[in-house]
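The structure appears below as structure tokens.
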Amino acid sequence: MSSIRTVAVCGAGGTMGAGIAIVAARAGFRTISYDVAEAPLARAAKQTAGFFGKSVERGKMTAEMRDRVLGSMSHTTDLAALGEADLVIEAVFEDLSVKRGLMERLDAACREDAIFASNTSTLSITEIASGSKRPERVVGMHFCLPAQLMKLIEMSPGLLTSDETLRAAWAWTEACGQVPVRTQDKPGFILNALLVPFNNDAIRAVEAGVASPADIDAAIKAGLGYKMGPLELIDLIGLDTQVRLCEAFYPVTLDPRAAAPPLLRRMTAAGLLGRKSGRGFFTYDGNAMFGG
Amino acid sequence: MRYAILKAGESRSFPDGDPFLAGAAGEGDVVVYCGVPYEADPGKTAILVELGDESLGTHTGEAMGGEGSNVVGFARYRNGRDAPSNLVELVRQDATSEAALAAARAVFEAAGLAVVVCTDQAGRIIDRLVRPKYNAALRFLDEGLATQKDMDLTCRLGLGYPDGPIERVVRGGLDLHHDVTRALFETYGGPGYAPARRAVVAARRRTP
């Protein structure tokens, strides 16, 4: 049973943070969304109201439940307003100094017994926790995008995380109806540690002339039953993001499969970033994909 | 398109009883060789040679980028001892005839199979890409990153895979994973292809 009543989400003006706030509020927790500017918070609040409106239309909740959930949500640009939070989940920019700096400021703003959870996908929980004077209260809690739809959460204790913190955070994810899995504090945890090198290997296969991007994706989908091919997925993730993932992993692991393939760097330099730029391994016209 | 099959022993692509075997004619413009050394015949539209872990060049010989004829390699993807998938990987060389490739595609697609084309590189598409991932998952298990259950669950829930990497490679046979990765490692040399410890154990425990 979770003893957590009030949850704060830092970086809640972003896609991931807004999704996490939905998960918390939907499960009945008082939810405070924090970000540095009002505009993204207002935009996220509007999108959140739209999301719960659709939930009512689809019969997943009643109008009364929607109103109660939306009424339990608030947003602020004042970090001091997080003082009453039992659990603070950070989903701010994926940069160690930014996250460490936030931990330091949360120390000043939050109660001694508050739990700080990091949604990092690539950084070390232990290194992030080193920004706080209470590293035993810091834990990894990696949601998948889109957080409001995906059930999986990778839970990673840092070297100094207490068992009590891990237990309380774990119980909270279950109270939200999520599915936690436990991993060590290693680069990419489980999901990205398997996915990032695999995606790089697919890029290297294109570069080596093994097959066309379309045939590589078709083979993976037909042969393995994956819903998306790796190159289609990289186009969705963004080739520039894939470069950043490689740059986060390779210097730590020195795994050659995690190093950014030369083709990935060339395509990124050419502005072929995937769906968001209209062309990556495939070409996109609006939302339609027509091969590459 | 009519095709003939010359076969010795059980084919990995088309095990006994597979409808593709029953669909063969006594002779045809396409000849499919499974486990039998092929005979060159420029009069045929296509000669299809079933491949295991080896390159097509093992059968045809190589000519430093000039190789290619009406001979096309093929393998229907199987995860070890699992039943064959619906996918056929066609293997071409630099100068492989387009007519031979088109005929190969037509024969397999008529049998309801999905077809992709790749060049003559070790592991073709799927084994080249997926075996290093299985090795990584097996290594993570040894290193205590997470339990098998949690790694498999993560891939199913987080990536939408039909099964997790460890349950899949164990189901297909860790000893066969060893054989495939050893062949890949022999060619590429990258550490990602080196058979994982648990696969080495399975191969050593294999009953002769």
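The values are calculated or read from the model by the stated rules, or taken from the named source; none is laboratory data. Everything numeric in this text was worked out from a predicted model, so none of it was measured. Neighbour counts are summed over all protein chains in view; Cβ atoms, including those assigned to glycine, are modelled from backbone coordinates with ideal geometry.
What to note about this one:
- Residue within segment A:99-116 that is at pLDDT 95 or above, touching a Ser or Thr at 6+ places or on another chain (Cβ under 8 Å) and surrounded by fewer than 16 Cβ atoms within 10 Å (Cβ to Cβ) present: yes
- B:GLY43 part of a loop (DSSP other than H, G, I, E, B), within 18 Å of the chain's Cα centre (by Cα), modelled with pLDDT of 95 or more and surrounded by fewer than 19 Cβ atoms within 10 Å (Cβ to Cβ): no
- Subset of segment B:141-154 (residues that are within 7 Å of chain A (Cβ to nearest Cβ) and among the hydrophobic types (A, V, I, L, M, F, W, C)): B:LEU145, B:ALA146, B:MET151, B:LEU153
To keep it simple, each residue is scored yes or no on (1) out of contact with any strand residue (DSSP E or B) (no Cβ under 9 Å at 6 or more places or on another chain); (2) within 12 Å of chain B (Cβ to nearest Cβ); (3) surrounded by 24 or more Cβ atoms within 10 Å (Cβ to Cβ); (4) hydroxyl-bearing (Ser, Thr, Tyr).
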{"residue": "A:MET155", "(1), (2), (3), (4)": "no, yes, no, no"}
{"residue": "A:CYS176", "(1), (2), (3), (4)": "no, no, no, no"}
{"residue": "A:ALA193", "(1), (2), (3), (4)": "yes, yes, yes, no"}
{"residue": "A:ALA208", "(1), (2), (3), (4)": "no, yes, no, no"}
{"residue": "A:ALA218", "(1), (2), (3), (4)": "no, yes, no, no"}
{"residue": "A:PRO230", "(1), (2), (3), (4)": "yes, yes, yes, no"}
{"residue": "A:THR253", "(1), (2), (3), (4)": "yes, yes, no, yes"}
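- A:LEU166 passes every criterion in (1) more than 25 Å from A:ARG26 (Cα to Cα); (2) without any contact (Cβ under 8 Å) to a residue 40 or more places away in the chain; (3) of a type outside the set (D, E, K, R); (4) more than 7 Å from chain B (Cβ to nearest Cβ) apart from (1).
- Among residues of segment B:101-114 that are closer than 11 Å to B:ILE47 by Cα and outside any helix (DSSP H, G or I), none has a Cβ under 8 angstrom from a residue that is at pLDDT 95 or above and of a type in the set (Ser, Thr, Tyr) at a sequence gap of 6+ or on a separate chain.
- Of all residues in segment B:157-181 being within 19 Å of A:SER156 (Cβ to Cβ) and in a helix (DSSP H, G or I), the one that is farthest from the other protein chains (Cβ to nearest Cβ): B:LEU159
- Hits in segment B:71-100 - residues which are within 9 Å of the chain's Cα centre (by Cα) and part of a strand (DSSP E or B): B:PHE74, B:ALA75, B:ARG76, B:VAL88, B:GLU89
- Each residue in segment A:63-98 was checked for being modelled with pLDDT under 95 and in a helix (DSSP H, G or I), and 0 of them qualify.
- Unmet criterion (only one of (1) under 24 Å from B:ILE126 (Cα atoms); (2) not in a strand (DSSP E or B)) for B:LEU48: (2)
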